[in-house]
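For reference, the structure is listed below as structure tokens.
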Amino acid sequence: MPRAGQLKPESDRRLSDLVSVGVLTRAFPRDVVDGVIADAGAKEQRHRSLPAWVMAYYSMGMALYADGSYVDVLSLLTDGLSWASGWEKAWKLPTKSAISQARIRLGSAPVEAMFREVTRPVATVDTPGSFLAGRRLVAVDGTTFDLADSPDNDGFFGRPEVNKGERAAFSQARVVAMAECGTHVMFDAEIGTNSAGERQLAGPLIDRLEPDMLMLADRGFYSFVLWEQAAATGADLLWRISKSVKPYPIEELSDGSWIVEIRPPNTPGLKGRDPFRVRLIDYTVDTQTGQESGEFRLFTTVLDPDDITAEELAAAYTQRWEIESAFDELKTHQRGPRVVLRSKSPDMVHQEIWGHLCCHYAIRTLMCEAAEHSGHDPD
């Protein structure tokens, strides 16, 4: 054991050794928490031993203290809340069953509402790797969470097939998120079942794009309809495209990129739709220098090479990997050794995942502020 005042070895330190409850209350102030609880109609009945606002913080505390028991998490959380929020904890710690019932009373809606009320991009124009030609770099991607083995989870979320006729050991929830590339802040997300496709879950995120953004996406997200939907928001797009998409060349540009026309596929519901034009960039990544090697094909809505060159756009596309790093932070470092989520019902799974996303946002915003004050790159 380390002596008093001596840090634990880095490999032995947990997230909660480095971060306190004050980080959660700083990012998600009490008045915001009270407001979303009231709007969701989840305010606790009088004399409840576990107020709804405490359980809202508890949903984030389960992520911050991911390796603790239900009672341990509450004990650590309320000690911090008594300091950060001036709450006098004058009761005996409830049982695990009482905590579970309080989580159920709260539900997932207020925790999702907390995330949507608070989260936003945080980079400034001076944040390294965050902007290109005045556009904020954001990326979309998906991941899955293994869930506690229960009939409710299995029936609602489903399990992926691992071999023909065989299913995985655990049911899974799918999460698609939008992250700011320069800061790893995940500011938007959707949660779905295992069978929900990433394109399906990306639809609502795309509708919430802002015109000053340049959105990066891997080739799995492209479809004629989704591209049209994203372009209609006014945001610029930079997506990797499969070679199966056949563009019709219109004009070669000065930097070697092309203006091409994309015609609707011959599928029901798309016949007769107008084609659209994009800029096509083909390039090869050296296996010695790139995180992904081989040939790349990008589509972008930035049509003028005098605005952003093909080389600059190809370099910017590597920033898409930052959302992979954000998922690694969320699932490996924040969640820690508890690989399977605790919750055994669909609503509590949603509550737990939204709590993880809120906790990640709180930590990331603090890291970004610290990086800005010390002159470091936040990622």
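Let's see how each residue does on (1) surrounded by 17 or more Cβ atoms within 10 Å (Cβ to Cβ); (2) modelled with pLDDT of 90 or more; (3) assigned to a loop (DSSP other than H, G, I, E, B):
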residue	(1), (2), (3)
Ala4	no, no, yes
Ser16	yes, no, no
Gly22	no, no, no
Val36	yes, yes, no
Arg48	no, no, yes
Trp53	yes, yes, no
Ala56	yes, yes, no
Ser59	yes, yes, no
Thr78	yes, no, no
The range 298-328, residues that are closer than 24 Å to His360 by Cα and among the charged types (D, E, K, R): Arg320, Glu322, Glu324, Asp328
Under the condition of being over 15 Å from Tyr361 (Cα atoms) and touching a residue at least 60 places away in the same chain (Cβ under 8 Å), which residue from the range 176-202 is surrounded by the most Cβ atoms within 10 Å (Cβ to Cβ)? Ala202
Counting just the residues of the range 99-150 that are in a loop (DSSP other than H, G, I, E, B) and of a type in the set (D, E, K, R), which one comes out nearest to Ala189 (Cα to Cα)? Arg120
Sole exception among (1) in a helix (DSSP H, G or I); (2) open to solvent by 30 Å² or more (accessible area, probe 1.4 Å); (3) of a type in the set (A, V, I, L, M, F, W, C) for Val339, by number: (1)
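Only strands (runs of 3 or more DSSP E) wholly contained in the range 231-332 count here; list those with 1 or more residues that are closer than 23 Å to Pro211 by Cβ.
Numbers: elements: 236-240, 248-252, 258-262, 276-285, 294-300.
So the answer is 236-240, 258-262, 276-285, 294-300.
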Neighbours by Cβ (under 8 Å, 6+ apart or cross-chain): first from the range 119-134, of a type in the set (Lys, Arg) and surrounded by fewer than 20 Cβ atoms within 10 Å (Cβ to Cβ); second modelled with pLDDT of 95 or more and not in a loop (DSSP other than H, G, I, E, B): Arg120/Phe187
Per the filter on the range 214-233, residues open to solvent by 10 Å² or more (accessible area, probe 1.4 Å) and under 19 Å from Ala316 (Cα atoms) are Asp218, Arg219, Gly220, Tyr222, Ala231
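Is there a residue in the range 156-166 that is of a type outside the set (A, V, I, L, M, F, W, C), surrounded by 23 or more Cβ atoms within 10 Å (Cβ to Cβ) and touching a Ser or Thr at 6+ places or on another chain (Cβ under 9 Å)? Before you say what the answer is, go through the steps one by one.
Restricting attention to the range 156-166, the residues satisfying the condition of being of a type outside the set (A, V, I, L, M, F, W, C) are 158-161, 163-166.
Next, from what is left, pick out any that are surrounded by 23 or more Cβ atoms within 10 Å (Cβ to Cβ): none.
No: zero hits.
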Would you be able to say whether some residue in the range 321-329 is farther than 30 Å from Pro110 by Cα and either surrounded by fewer than 18 Cβ atoms within 10 Å (Cβ to Cβ) or modelled with pLDDT under 95 (or both)? yes
When the residues of the range 295-316 are narrowed to those that are polar (S, T, N, Q) and within 18 Å of Phe221 (Cα to Cα), which ends up surrounded by the most Cβ atoms within 10 Å (Cβ to Cβ)? Thr300
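Out of Arg364, Arg342, I need the residue that is over 26 Å from Thr183 (Cβ atoms) and either modelled with pLDDT under 95 or not aromatic (Phe, Trp, Tyr) (or both). Which one? Lay out the reasoning, then the answer.
Values: Arg364 fails: over 26 Å from Thr183 (Cβ atoms).
When all the criteria are applied, what remains is Arg342.
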Given (1) more than 30 Å from Leu270 (Cα to Cα); (2) more than 12 Å from the chain's Cα centre (by Cα), where does Glu180 come up short, assuming only one miss? (2)
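The values are calculated or read from the model by the stated rules, or taken from the named source; none is laboratory data. Please read these numbers as outputs of a predicted model, since none were measured by experiment. Cβ: placed from backbone, ideal geometry, glycine included. Neighbour counts: every protein chain shown. The accessibility values were calculated without ligands, DNA or RNA, using every heavy atom of the protein model including side chains. Shrake-Rupley method; radii C 1.70, N 1.55, O 1.52, S 1.80 Å.
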